[in-house]
Every structure is written in structure tokens, then in C-alpha cells.
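What follows is one structure encoded as C-alpha cells, with my remarks underneath.
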Amino acid sequence: MTYFERVKQKPISKTPIILGIESSCDETAASVVKNGREVLSNVIISSATKQAEFGGVVPEIASRAHTEAVSQAVKRAISEAGVSFGDLDAIAVTYGAGLLGALLVGVSYAKSLAYALDIPLIAVSHIRGHMAACYLADKSLQPPFIGLLTSGGHTAVTVVESYTKMKILGSTLDDAVGEAFDKVARVLGLSYPGGPNVERLAKQGQNDITLPKMLKNSGGYNFSYSGLKTAVINYIHNKEQKGEPINKADVACSFQCAAIDVLCYKAIEAAKEYGINTVAVGGGVAANGYFREQLVKKCAYKSINAVLPPKILCTDNACMIAAEGYIQYINGNFADLTLNAKASVELR
Ligand code: KG4
Ligand code: ZN
């Protein structure tokens, strides 16, 4: 019998302990999650400071850093969870989307370990993982809810119809919101990672520069962030050409307000249209304090429940991969050893 035939025959545990592995970008993460909702450990080894020297993620540096860190991350996740390798019921790994070389490190490691332990391997989409972080944040959260995805690679409003079905209402037509934060950070001379630095600077500024809230009142639930980024660039160039001083904190604050306003607006519109009273948010931008505050306030005003994972579960982590892995596990959706990494995966 092959490995895949063997694991397919194993009974599904009602209280599974799942190891999650994540290596799609610059975080090597490993985590143990019990019953899909209880985080037993959350190890994140980041190569962001190495990447910062280059002003952004260098794929080769990311892959090498994952190779050096993956084994250590997994061992720490197991030991900090107070379990042993023998206690694991399955291994969930991010297979895409992300940097191919980086993903391959996690995928290869997960395949070998699943084979060695003779337990199911689960292929997890990083995008679905970000939404699954919400189940860890609110243990009573159940579909249907409006899922707002706000990462560096994706921006979308969805209806999470069931644990396995997500209907995309709209997504970005160009840049993702996190990408816009990173690009604006670069224009403002802020170091990588851009998002948190824009947020920090914005705290010292005023929202007094008029910037476009792209597609706010058009385009259905789609977004556009490249126009907002260009408006920031044009504003700075104009000021430079006129020899006028630029208040970078005001630029950061005005950009952040415009970017966040559209996110909150479209998510709440979707909740109203679909008669759903919960909005749950996933992705790195959901770590932004201003966004969190605005969403909670605006949702409360409409009697909508806002679910925001703790900041550490908004940015890349492996708990969210194990949480999504749990959903696949109980549905018997296992991968075989031909599993490969994919740079892009469909949003679904
Ligand atoms: O979800 P994530 O960690 O990785 C992807 O799957 O893309 O998101 C990373 C993105 C980056 O663009 C980063 O600048 C942004 O999330 N981000 C933030 C903040 N923290 C991370 N953006 C705004 N404010 C933050 N505090
Ligand atoms: Zn991510």
C-alpha cells in the first residue's frame, strides 16, 4: 500500500492536533493547533531584518533563510505546544501563493515529515489561511460572514458561505492594499516592511491632503489601489517641483485614511446587502491600528459584529495554516506526495 492509500484509510480524529508550516514569503512559521481553534504554539522566525537591507524581499535570501530556519521552527512549535511528533494527526502546509523557492522549502519539509510520520499531508492556500485566522480569534465564529481580505498580495470582499465555500464579491483590479502601503512607504523613504512604518508616521500627521478614494462609489465590490498610490507620488513630485516643503506625516496619514475608508465602506455595504451581521478580516493590513479602530467603530454603528484576529495572527503565521488545514482534514481532503508549490493560486 502506498503512503497516500494508507493515510486515506486512517480514521479522522475528532480532536485533531495539526502542525502548520508556512514559508510563502519572509516568515518561516510553524504552529500546533488543536481542534482547529486552539493555538498550542506559534513560532515565527522572520528574515525581515535581512530583507530590509535590500529595501524589500529578495526571493533567494528568503529561500535560504527558510532552509536554515524550518527545522528549528518545527521543533520549537512541537516542544512549545507540549506535544510530541507522535501526537500529530496531520501536517498542513502553505503550497501557494507566494515566492516559489520559499514555498518549496515548506512543502518539501512537510512532505518528508508527513511521510516519515505516516500521517496526512494537507495543502493549504495562503489566502484561505488568512481568513481562517478569524476562527482562532473568535471561537464561536461560524459561516456565513463577510470575509474581508487585506494582505500584501490580495484585497477582496467575500461571503464566507460555509467552512469550505467562499464567494468572491469583488477584489482589487490592480494593486493590493498592502502593496500600496509598501509602495507609499518607499516613496516616503521609509524602510521595509512598509505598512507598519506608514502607520507609525501617520500617527504624527493630519488627514489634510485630498486623495482619491478609488472606486468607493463605483465598481461594485472591486478595489483599486494603484490610482491612490499614483496620487501620492504626484502630490510629492508637485511639491518638490515647486520647492515646497512636504509634511511626510500628513502624506502618510492622508494615504492611510483614504486606503482604509474604502475597505471599511465596502465590507459594511456587503454586510448590509447580504443581510449578514458579521465582518471578519484577515491579512497583514488588518494589523493596522487605525484600520482596526475604524472598522470596529463603523461596524458598531451599523450593529455589525467585527472579528479581527490579534495582530500576530493577521501577518504571516502558521496557526492560520493549521486552522485552514483542520477544515480540510475533517473533510478528508489530503494531498499526496506529488504536491508542488504554486506561485499563484486562485482566490476561492
Ligand atoms: O498578509 P501579509 O503578512 O502577507 C501577504 O500574504 O501578503 O501582508 C503583508 C502586508 C504588507 O504589504 C505589509 O506592509 C502590510 O501587510 N502590513 C501593514 C501593517 N502590517 C503589515 N499595512 C499597514 N499597517 C500595518 N500595521
Ligand atoms: Zn500573508
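The values are calculated or read from the model by the stated rules, or taken from the named source; none is laboratory data. Remember, it's a predicted structure, so these values are computed and weren't measured experimentally. A quick note on method: Cβ atoms are made from the backbone with ideal geometry, for glycine too, and the neighbour counts reach across all protein chains shown.
So here's what we get for this one:
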{"quantity": "Any hit, segment 245-254, residues being exposed (fewer than 13 other Cβ atoms within 10 Å of the Cβ) and in contact with a helix residue (DSSP H, G or I) (Cβ under 8 Å, 6 or more places away or on another chain)", "calculated": "yes"}
{"quantity": "Check on residue 54, more than 15 Å from ligand 1 (Cβ to nearest atom), at pLDDT below 95 and not in a strand (DSSP E or B)", "calculated": "yes"}
{"quantity": "Residue in segment 328-340 that is under 17 Å from residue 150 (Cβ atoms), more than 16 Å from ligand 2 (Cβ to nearest atom) and among the aromatic types (Phe, Trp, Tyr) present", "calculated": "no"}
{"quantity": "Residue under evaluation residue 282, criteria (1) within 26 Å of residue 204 (Cβ to Cβ); (2) within 16 Å of ligand 1 (Cβ to nearest atom); (3) in contact with a helix residue (DSSP H, G or I) (Cβ under 7 Å, 6 or more places away or on another chain), criterion not met", "calculated": "(1)"}
{"quantity": "Unique residue being touching a strand residue (DSSP E or B) at 6+ places or on another chain (Cβ under 6 Å) and away from ligand 2 (no atom under 16 Å from the Cβ) when the list is 308, 228, 295", "calculated": "295"}
{"quantity": "Any pair with Cβ under 8 angstrom, 6 or more apart, that starts in segment 205-224 at a residue that is without any contact (Cβ under 8 Å) to a residue 60 or more places away in the chain and surrounded by 12 or more Cβ atoms within 10 Å (Cβ to Cβ) and ends at one that is among the charged types (D, E, K, R) and part of a loop (DSSP other than H, G, I, E, B)", "calculated": "224/174; 224/175"}
{"quantity": "Any hit, segment 97-112, residues being within 16 Å of ligand 1 (Cβ to nearest atom), touching a helix residue (DSSP H, G or I) at 6+ places or on another chain (Cβ under 8 Å) and part of a strand (DSSP E or B)", "calculated": "no"}
{"quantity": "Residues satisfying the stated conditions in segment 275-289, i.e. over 13 Å from the mean Cα position of the chain (by Cα) and part of a strand (DSSP E or B)", "calculated": "278, 279"}
{"quantity": "Selected residue (only one of 143, 196 is in contact with a Phe, Trp or Tyr (Cβ under 7 Å, 6 or more places away or on another chain), more than 21 Å from residue 97 (Cβ to Cβ) and of a type outside the set (Ser, Thr, Tyr))", "calculated": "143"}
{"quantity": "Residue that is at pLDDT below 95, surrounded by 16 or more Cβ atoms within 10 Å (Cβ to Cβ) and within 16 Å of ligand 2 (Cβ to nearest atom), where the choices are 132, 92, 62, 102", "calculated": "62"}
{"quantity": "Residue that is in contact (Cβ under 8 Å) with a residue 60 or more places away in the chain, within 16 Å of ligand 2 (Cβ to nearest atom) and either under 30 Å from residue 74 (Cα atoms) or touching a strand residue (DSSP E or B) at 6+ places or on another chain (Cβ under 6 Å) (or both), where the choices are 164, 172, 150", "calculated": "150"}
{"quantity": "Meets criteria (touching a Cys at 6+ places or on another chain (Cβ under 9 Å) and either buried (at least 18 other Cβ atoms within 10 Å of the Cβ) or among the aromatic types (Phe, Trp, Tyr) (or both)) for residue 33", "calculated": "yes"}
{"quantity": "Which listed residue is under 29 Å from residue 123 (Cβ atoms) and at pLDDT below 95, from 308, 313, 337, 347", "calculated": "347"}
{"quantity": "Given (1) hydrophobic (A, V, I, L, M, F, W, C); (2) more than 16 Å from ligand 2 (Cβ to nearest atom); (3) over 28 Å from residue 47 (Cβ atoms), number of the condition residue 280 does not satisfy", "calculated": "(2)"}
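Table: residues versus (1) closer than 30 Å to residue 191 by Cβ; (2) assigned to a loop (DSSP other than H, G, I, E, B); (3) free of Cβ contacts under 8 Å to residues at least 12 places away in the same chain.
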position	(1), (2), (3)
13	no, yes, no
21	yes, no, no
30	yes, no, no
36	no, yes, no
67	yes, no, no
78	no, no, no
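Residue-by-condition table, conditions (1) more than 15 Å from ligand 1 (Cβ to nearest atom); (2) crowded, with 19+ Cβ neighbours inside 10 Å; (3) more than 24 Å from residue 309 (Cβ to Cβ); (4) more than 17 Å from the chain's Cα centre (by Cα):
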| site | (1), (2), (3), (4) |
| --- | --- |
| 23 | no, yes, no, no |
| 45 | no, no, no, no |
| 67 | yes, no, yes, yes |
| 71 | yes, no, yes, yes |
| 77 | yes, yes, no, yes |
